[in-house]
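Enquirer: Take a look at the following structure, please.
The values are calculated or read from the model by the stated rules, or taken from the named source; none is laboratory data. Being a predicted model, the structure only gives us computed values, none of them experimental. Using ideal geometry, Cβ is built from the backbone for each residue, glycine included, and neighbour counts are taken over all protein chains shown. Keep in mind that these areas ignore ligands, DNA and RNA; they rest on the heavy atoms of the full protein, side chains included. Shrake-Rupley method; radii C 1.70, N 1.55, O 1.52, S 1.80 Å.
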Amino acid sequence: MAKYTQQPRFHYCLPATSDVIVGVEIPLPIDARQVLADFARVTIDDVEPLVDAHMVELTSQLRADPSLSSLLAPELVAAGRAVARVDLLHELGALQDGAHVPSECPPEVTETARRAAQFGAPVAVPLQAYRSGHRVLWGALRRYVSGRDLKPDAREAALESGSAFLFAYADRCCHFLIGEYTERRDEIVRSSARARVTAVGALLGGGEPDPSLDYRFDQQHVALIASGADANELVQRFGRGLSAEVLIVELDHDTAWAWLGGTSWPVGGPSLQAAPATIAMTCGSPGHGVAGFRRSHREAGRAMAVLRPLGLTCARYADVWLEALALADEITAQDLVEGELARLEPPGARHVPLRETLLAYFASEQNAAATAALLGVHERTVAYRLRLVEERLGYRVNSRRAELETALRIGPATEGGAPERGPTRGR
């Protein structure tokens, strides 16, 4: 018997009351066991490509069914990705440590079932997620075994043994998931929180305000979306600090939708500089009445979708709307960046920080002295760099400022240069 506990490096919080999984060992040939353990060890160290492949397949399946489109909200996809990573790492860990199949419900399965029930997804959705994860792992295993210098018999034994374990693990998790999902769904049906989620969902979908929400709609609204531990409580505190009427829909323990009601707001919405540092948060622009309530929420969602690519933790839509619009189509965004900026750094050219200089120049309203102060260099250095920019581009920067500035702002996101976590974008 073996025990598996949540690894701190997974960066995902699961209930402390169910953090131990007792496993049942699947008998495997000794040689095959070693190959599979080696595969698991190597894959654990580079699991992100599998998480990416799993999420691409899963989101494609959700897009194919219009009735499930609400599950593609950026904050829900991000939360699903976190759970998927834990799922894959736990299964690989079980394979590495003796090919154990859980005899008790793993905490990540409980989490998946709870989320699916909370969001009103049919049980087929999380079941399909586990099947997708199974396919991704099986494909990775086949590629790994094929790349090893093994005798035919050893290769066949490793593939058969790996298939037996992966099927057994997925079947066991699906069995647990159905039970957990049924229990959680029954709890939600009786929950007043679910009634609030339903009422807000109907309103966002075009329905009329439900009096049970106890919130005034004839005022200016700013929508917030927050993700992170204790998001609900922290957003509540943030709203009260602004003396606003607060409506919160707690989707789960770490994802919240909120609206702040008031008579007036700054253009673009309140500053997020005072937002809690432990959560990711976005806000839409102020809007009046029910229409403004809906629009501000849509804007907060678009801002949330670009937080990670831009390396931000918090942002107002008013400050990232250009990036949100440009990044809505990934291929078009990449083409824009390449088309506008490729000539700034031709192969073999000496590196000069031209992008940084040009972006600072635009941010300084094209004032060379202000640009120099911002960059901490001499004004002549700025002038030299700008001449070099125009020589390489073949035109004056003023003639294509909009295109250049857009490409500069989204460049790190399309080229993989954005940091994991970064500052707040919001005055």
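Enquirer: Look through L89, L95 and report the one residue that is of a type in the set (A, V, I, L, M, F, W, C), buried (at least 22 other Cβ atoms within 10 Å of the Cβ) and either under 19 Å from the mean Cα position of the chain (by Cα) or under 20 Å from Q61 (Cβ atoms) (or both).
Expert: Working: L95 fails: either under 19 Å from the mean Cα position of the chain (by Cα) or under 20 Å from Q61 (Cβ atoms) (or both).
Unique residue meeting the criteria: L89.
Enquirer: Scan V109, V42 and give me the residue that is more than 22 Å from W257 (Cα to Cα), surrounded by fewer than 21 Cβ atoms within 10 Å (Cβ to Cβ) and either of a type in the set (D, E, K, R) or in contact (Cβ under 8 Å) with a residue 60 or more places away in the chain (or both). Working first, answer last.
Expert: On the way: V109 fails: surrounded by fewer than 21 Cβ atoms within 10 Å (Cβ to Cβ).
The conditions single out V42.
Enquirer: Any residue at all in segment 325-342 that's open to solvent by 20 Å² or more (accessible area, probe 1.4 Å), of a type in the set (S, T, Y), closer than 22 Å to G411 by Cα and touching an Asp or Glu at 6+ places or on another chain (Cβ under 6 Å)?
Expert: No: segment 325-342 contains no residue that is open to solvent by 20 Å² or more (accessible area, probe 1.4 Å), of a type in the set (S, T, Y), closer than 22 Å to G411 by Cα and touching an Asp or Glu at 6+ places or on another chain (Cβ under 6 Å).
Enquirer: Looking only at segment 280-303, how many residues end up being in contact with a helix residue (DSSP H, G or I) (Cβ under 9 Å, 6 or more places away or on another chain) and either farther than 18 Å from L247 by Cβ or basic (K, R) (or both)?
Expert: Quick first cut of segment 280-303, residues in contact with a helix residue (DSSP H, G or I) (Cβ under 9 Å, 6 or more places away or on another chain) only: 280-287, 290, 293-294, 296-303.
Next, only the ones that are either farther than 18 Å from L247 by Cβ or basic (K, R) (or both) stay: 280, 294, 298, 302-303.
Going through segment 280-303 one residue at a time, the tally reaches 5.
Enquirer: Restricting attention to segment 233-248, and to residues there that are outside any strand (DSSP E or B) and not small (G, A, S), which single residue is most open to solvent (accessible area, probe 1.4 Å)? Show your work before the answer.
Expert: Going residue by residue through segment 233-248, those that are outside any strand (DSSP E or B) are 233-244.
Next, only the ones that are not small (G, A, S) stay: 233-238, 240, 242.
Details: E233: 102, L234: 25, V235: 2, Q236: 49, R237: 136, F238: 20, R240: 162, L242: 66 Å².
Filtering segment 233-248 for residues that are outside any strand (DSSP E or B) and not small (G, A, S), the one most open to solvent (accessible area, probe 1.4 Å) comes out as R240.
Enquirer: If you don't mind, there's one more thing I want to ask. For segment 279-297, name all the residues that are in a loop (DSSP other than H, G, I, E, B) and over 12 Å from E233 (Cα atoms).
Expert: Residues satisfying the conditions are G284, S285, P286.
Enquirer: Return the residues of segment 290-303 that are open to solvent by 20 Å² or more (accessible area, probe 1.4 Å) and of a type in the set (A, V, I, L, M, F, W, C); say none if nothing qualifies.
Expert: Of everything in segment 290-303, those that are open to solvent by 20 Å² or more (accessible area, probe 1.4 Å) and of a type in the set (A, V, I, L, M, F, W, C) turn out to be V290, A291.
Enquirer: What residue, of S161, S132, S192, is out of contact with any Ser or Thr (no Cβ under 6 Å at 6 or more places or on another chain), hydroxyl-bearing (S, T, Y) and open to solvent by 50 Å² or more (accessible area, probe 1.4 Å)? Talk me through it step by step, then tell me what you get.
Expert: Details: S161 fails: open to solvent by 50 Å² or more (accessible area, probe 1.4 Å); S132 fails: open to solvent by 50 Å² or more (accessible area, probe 1.4 Å).
Every option except S192 fails the conditions.
Enquirer: With respect to the numbered conditions (1) charged (D, E, K, R); (2) open to solvent by less than 80 Å² (accessible area, probe 1.4 Å); (3) closer than 19 Å to E415 by Cα, which one is the sole condition not fulfilled by R316?
Expert: That leaves (3) as the condition not met.
Enquirer: Could you identify the single residue in L251, L204 that is buried (at least 20 other Cβ atoms within 10 Å of the Cβ) and farther than 18 Å from A275 by Cβ?
Expert: Numbers: L204 fails: buried (at least 20 other Cβ atoms within 10 Å of the Cβ).
Of the residues listed, the single one that is buried (at least 20 other Cβ atoms within 10 Å of the Cβ) and farther than 18 Å from A275 by Cβ is L251.
Enquirer: For the condition polar (S, T, N, Q) and at positive phi, what is the one hit in S227, S264, S243, S212?
Expert: Details: S227 fails: at positive phi; S264 fails: at positive phi; S212 fails: at positive phi.
The conditions single out S243.
Enquirer: What single numbered condition from (1) out of contact with any Ser or Thr (no Cβ under 7 Å at 6 or more places or on another chain); (2) within 29 Å of A79 (Cβ to Cβ); (3) not charged (D, E, K, R) fails to hold for T110?
Expert: (1)
Enquirer: Residue check, G417 against (1) under 21 Å from R302 (Cβ atoms); (2) modelled with pLDDT under 90, all met but one. Which one?
Expert: Here G417 clears every test but (1).
Enquirer: Here is a list: G133, G201, G120. Which entry is outside any helix (DSSP H, G or I) and within 24 Å of the chain's Cα centre (by Cα)? Even if it seems obvious, please write down each step before you answer.
Expert: On the way: G133 fails: outside any helix (DSSP H, G or I); G201 fails: outside any helix (DSSP H, G or I).
So the residue among G133, G201, G120 that is outside any helix (DSSP H, G or I) and within 24 Å of the chain's Cα centre (by Cα) is G120.
Enquirer: I'd like to know if segment 218-232 contains one or more residues that are farther than 25 Å from P276 by Cα and outside any helix (DSSP H, G or I).
Expert: Yes, segment 218-232 has at least one match.
Enquirer: Is it true that some residue in segment 367-387 is among the β-branched types (V, I, T), over 15 Å from T414 (Cβ atoms), open to solvent by 20 Å² or more (accessible area, probe 1.4 Å) and not in a helix (DSSP H, G or I)?
Expert: So in segment 367-387, the residues among the β-branched types (V, I, T) come out as 371, 377, 381-382.
So of that shortlist, the ones also over 15 Å from T414 (Cβ atoms) come out as 371, 377, 381-382.
This time we only want the ones that are open to solvent by 20 Å² or more (accessible area, probe 1.4 Å), so: 377, 381.
Checking the rest, the ones that are also not in a helix (DSSP H, G or I) come to 377.
Scanning segment 367-387 turns up at least one residue that is among the β-branched types (V, I, T), over 15 Å from T414 (Cβ atoms), open to solvent by 20 Å² or more (accessible area, probe 1.4 Å) and not in a helix (DSSP H, G or I).
Enquirer: Let me ask another. Please work out which residue is nearest to the chain's Cα centre (by Cα), limiting yourself to segment 360-397 and to residues that are among the polar types (S, T, N, Q) and farther than 22 Å from E323 by Cβ.
Expert: N367
Enquirer: Now a separate question. Only one residue in G269, G261 is in a loop (DSSP other than H, G, I, E, B), at pLDDT 90 or above and crowded, with 19+ Cβ neighbours inside 10 Å, so which one is that? Break it down into steps so the answer makes sense when it comes.
Expert: On the way: G261 fails: in a loop (DSSP other than H, G, I, E, B).
Unique residue meeting the criteria: G269.
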